[in-house]
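Beneath this line is the structure, given in structure tokens, with notes to follow.
The values are calculated or read from the model by the stated rules, or taken from the named source; none is laboratory data. All figures in this text were calculated on a predicted structure; none of them were measured in a lab. Note that we place each Cβ from the backbone using ideal geometry, even for glycine, and neighbour counts take in every protein chain shown. The area values use the complete protein model at the heavy-atom level, side chains included, leaving out ligands, DNA and RNA. Shrake-Rupley method; radii C 1.70, N 1.55, O 1.52, S 1.80 Å.
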Amino acid sequence: MLNRCFRYSFSKAGLRSSTMDLGDGTVMHIWVPKVHIKSKPTLILIHGIGANAMWQWNDFVSPLMSRFNVYVPDLLFFGDSYTSRPERSEQFQAQCVMRVMEAHGVTVMNVVGISYGGFVGYSLAAQFKERVEKLVLCCAGVCLEDKDMEEGMLQVKSVDEAVSILLPQTPQKMRELMKISFYKPRKGVPTCFLNDFIRSGGNRGFGLHNVSLHDENRESEGTIAKPIGF
């Protein structure tokens, strides 16, 4: 039900749904402008874990469309994007985002990434320095170390315990995640809405154990100049 509302909202804002087969068992879904205006800069909005493009960015696309050509991809295993390949790293996610942007004729862009999307956005900027003009990272601990995880708000004993919280599969676990995530958690959310979010939020085949906060591959990418973080 909410997905239908979000699709209408995205369409009304001037976006259209596009699905691209990248030809290697990978299919990327992305919301793109109905008309790309060359005089406007391009902005990519990259969602985090537990959401798809619509759920994460619905409140932002309409005001941003007046100033940017806005592109909003579903990352692999979220929304309508998926792959049969074994890769699960943010480096591979970033490469797929760049490939779908190139398929739409976009070679230079600005990027906003939130949460896990910030890791993907950072990788995008590190791998394709000449194509990413500006990068904004929101709530993305790309510089976290193991000690930060041990001292942080979400203290867990194992990866499986973290997965059960961060990728909830039941309304009860969803409420637990909301309690951790929000300063003032919303109370009385109907169970049917929580089930809808769990079904629609992605998580298909996506193993959190394949996402490392201290990734050697990320270190090998190098750094980016003057990152902007919130």
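Values as computed for the structure displayed
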quantity	calculated
Single unsatisfied condition, P63 versus (1) under 14 Å from the mean Cα position of the chain (by Cα); (2) at pLDDT 95 or above	(1)
Residues of segment 161-177 that turn out to be over 19 Å from N52 (Cα atoms) and surrounded by 12 or more Cβ atoms within 10 Å (Cβ to Cβ), as a count	3
Qualifying residue in segment 178-193 (condition: modelled with pLDDT of 75 or more, in a loop (DSSP other than H, G, I, E, B), surrounded by 11 or more Cβ atoms within 10 Å (Cβ to Cβ) and touching an Asp or Glu at 6+ places or on another chain (Cβ under 9 Å))	no
Strands (runs of 3 or more DSSP E) fully within segment 1-88 counting 2 or more residues that are open to solvent by less than 30 Å² (accessible area, probe 1.4 Å) and touching a residue at least 60 places away in the same chain (Cβ under 8 Å)	26-33, 42-46
